[in-house]
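Heads up, the thing below is written out as structure tokens.
Read-outs throughout are calculated quantities, based only on the coordinates presented, and are distinct from any laboratory measurement. Since this is a predicted model, take the numbers as computed values, not measurements. Cβ placement follows ideal geometry from the backbone for every residue including glycine, while neighbour counts extend to all protein chains displayed.
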Amino acid sequence: MAGHILVIDDVAINRIMLEVRLSQLSYQVSLLGSIAEIQPQEMFDAVIIAARCLGGLPVDAVQHVRNLLGARVPVMVLLDTPESDRAADALAAGADDALWRAANPAELVARLRSLTRRAGFDAAGTAALPAGYAIDSPACFALAPVLVVGATQETAKTALKEIAKGWTGPMRASDWSNAAKACDSGAKPEVVIFAVSDAQPFPAAHLLMELRAHRGSGGAAILGLFDTALERHGIELMNMGADDLFVGPMAPREIGLRISALMRRQLRIKAEQDALRQGFAEALLDPMTGLQNRRGAMPALARESERARRSDQMLALMLVDVDHFKRINDTYGHRAGDEALIEISRRLHAALPDAPVLARIGGEEFLIGLTVEDPSHAIAVAEEIRHAISACPVALGADAPEVALTVSVGVQLFSGGLGGIDTALQAADGALYAAKNDGRNRVCVAPLSAA
């Protein structure tokens, strides 16, 4: 099933004709005669609505549809006349797309596929635009340039001048053969416009594939502007994955609104990507100390182990445990214990700011992993850690005194690579146990492992 489409039209024959056309393409189609007939919370992949059904307040009507069916449901408006101003009015009212009812049926299908494709992606994310990134704000314009591509630099500049009548954000021009290079010059474009004229065409489909594969432009939205005579090529471009299409003589207002819609989507995607990256980073960190947690430490340890093997160096694994930590919690409370762990973490980081692995892996247990030249180097680092903790008392907060703390350190060196990490950790744990048994506040080194 290609998707579930809701068609709203007050003329029955129009609804039936559209149902037949879409059903032949495996869409499931539901038909209504007005917005008032919508049942709240029904699930649709897109809504196609006749412009007449929007009434005298199209902004309110489009918003009402989204209130009933969900904020992310795509809305396409079918126009009774082909004038660009009508399409621009629908886009300004909040519709995702607008198309003359009598346009090429293949164009309607291509646009519908694009909308449902984008909606499927958008549904995966829920992030709102970050503060200061409203689509009309200077921040948006400064961070979101548009690249206009033509057959030649001159045709691109000519198109840019026309587009600038409807879009006031930053733009630059390029001929198609240098478009990928232009994406690497200055800020990466958020929208790339293919301005393809009948007089000077260029291989837009080839360029689309090139830009999608190019690192500097792979995430940019693609808007195709095609002369009427090249409509078929524009439809092909959209079917290949372009995000939007305009066919006909230049209409700056409509084109500007289409750019605006693409910019909103691009900024929302960026917000969602930033939220995902932040969430991923936070999942790898201990929230209290800011050090890596076990989930973050183990992949980093594997990478460092492999790097040590390739460079013919040793990997030192150190397990650090705070001596008699339970007394802190029992005597002064868990809040004081947390303050102690935070301060110990700060001192560990200050002693080893470049350690690739510095993690809190248990209540009062820490893991350190770094490459060393020889066993004496590892012992020197472990002793530095021990002295960093014991050198001066640790403040436990306003309601508790400063206390002297010490740590025991178990060290294991090995030069094996990925396969020996678990064994090496067990050996380091054994060395830590030995340091505890020997009186605490000391470093104990396990026998060298070649695992």
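Treating the angle as unsigned and between 0 and 90°, give the value, to the nearest 10°, between the Cα long axis of helix 58-69 and the longest Cα principal axis of the chain.
50
Can you compute the helix-only [θ] at 222 nm over the chain? Use -39500 (n - 2.57) per DSSP H run of at least 4 residues, normalise by all residues, nearest 500 deg cm²/dmol.
Taken over the chain, the calculation gives -14000 deg cm²/dmol.
Quick one: angle between helix 421-437 and the longest Cα principal axis of the chain, in degrees between 0 and 90, rounded to 10, please.
40
With the Cα gyration tensor of segment 3-122 in hand, give its eigenvalues times 5 under a square root as the equivalent ellipsoid semi-axes, listed largest first in whole angstrom.
18, 17, 15
When we measure straight from the Cα of LYS436, which lysines land under 21 angstrom away, once same-chain ones fewer than 8 places off are left out?
Hits, sequence-local ones excluded: LYS326.
Out of all DSSP beta bridges in the chain, what portion is antiparallel? Express it as a percent rounded to 5.
Of all bridge pairs located within the chain, approximately 35 percent are antiparallel.
Mind ranking 235-241, 182-188, 337-343 by how tightly packed they are, going by the mean number of other C-beta atoms within 10 angstrom, highest first?
337-343, 235-241, 182-188
Determine the distance separating the Cα centre of segment 36-69 from the Cα centre of segment 376-443; give it in Å without decimals.
That distance is 65 Å.
Take every Cα-Cα distance within segment 261-376, group them into 5 Å bins from 0 onward, and report for each bin the whole-number percent of pairs it holds.
Going from the shortest bin to the longest, the percentages are 2, 11, 16, 17, 14, 12, 10, 7, 5, 3, 1, 1, 0.
Counting only C-alpha contacts under 8 Å and six or more residues apart, can you give the relative contact order of segment 282-436 as a whole percent?
Relative contact order comes out at 32 percent.
So what are the radius of gyration and Dmax for the Cα set of segment 138-280, in Å?
14.4, 50
How large is ³J(HN,Hα) for each residue in segment 372-379, as worked out from phi by the Karplus curve 6.51 cos²θ - 1.76 cosθ + 1.60 (θ = phi - 60°), to whole Hz, x for Gly and Pro?
9, 7, 6, x, 5, 5, 4, 5
Along segment 173-187, what does the Karplus equation 6.51 cos²θ - 1.76 cosθ + 1.60 (θ = phi - 60°) give for ³J(HN,Hα), rounded to whole Hz, x for Gly and Pro?
10, 7, 6, 5, 5, 10, 4, 4, 5, 5, 5, 8, 9, x, 5
Round to the nearest 10 and give me the degree value, 0 to 90, for the angle of helix 252-283's Cα axis relative to the longest principal axis of the chain.
20
Which is farthest toward the positive dipole end of the chain among GLN41, VAL11, LEU57, measuring Cα position about the Cα centre, with Cβ charges +1 (Lys, Arg) and -1 (Asp, Glu)?
VAL11
Plugging the Kirkwood radius over Cα pairs into Stokes-Einstein for segment 294-445, at a temperature of 20 °C and a viscosity of 1.002 mPa s, what D comes out in µm²/s?
Result for D is 137 µm²/s.
By the scheme Lys and Arg +1, Asp and Glu -1, what is the net charge of all other residues having a beta-carbon under 10 Å from that of ILE328?
-2
Give the Kirkwood hydrodynamic radius (Å, one decimal) of segment 161-214, defined as one over the mean of 1/r across all pairs of different Cα atoms.
Result for segment 161-214, one decimal place: 12.3 Å.
May I have the pair-distance distribution P(r) for segment 362-451, computed from all Cα-Cα distances with 5 Å bins from 0 and rounded to whole percent?
So the P(r) values, bin by bin, are 3, 13, 21, 23, 17, 11, 6, 4, 2, 1.
From Cα pairs below 8 angstrom and at least 6 apart in sequence, can you work out the relative contact order of segment 358-411, rounded to a whole percent?
Reported relative contact order: 25 percent.
Just want to confirm a number: the relative contact order over the chain, from Cα pairs under 8 angstrom separated by 6+ residues, in percent.
For the chain, the relative contact order is 10 percent.
On the principal axes of its Cα set, how long, how wide and how thick is the chain? Give whole Å, largest value first.
90, 50, 41
What is the sum of charges around ALA229, taking Lys and Arg as +1, Asp and Glu as -1, for the other residues whose C-beta is under 15 Å from the C-beta of ALA229?
Once all neighbours under 15 Å are counted, the net charge is -4.
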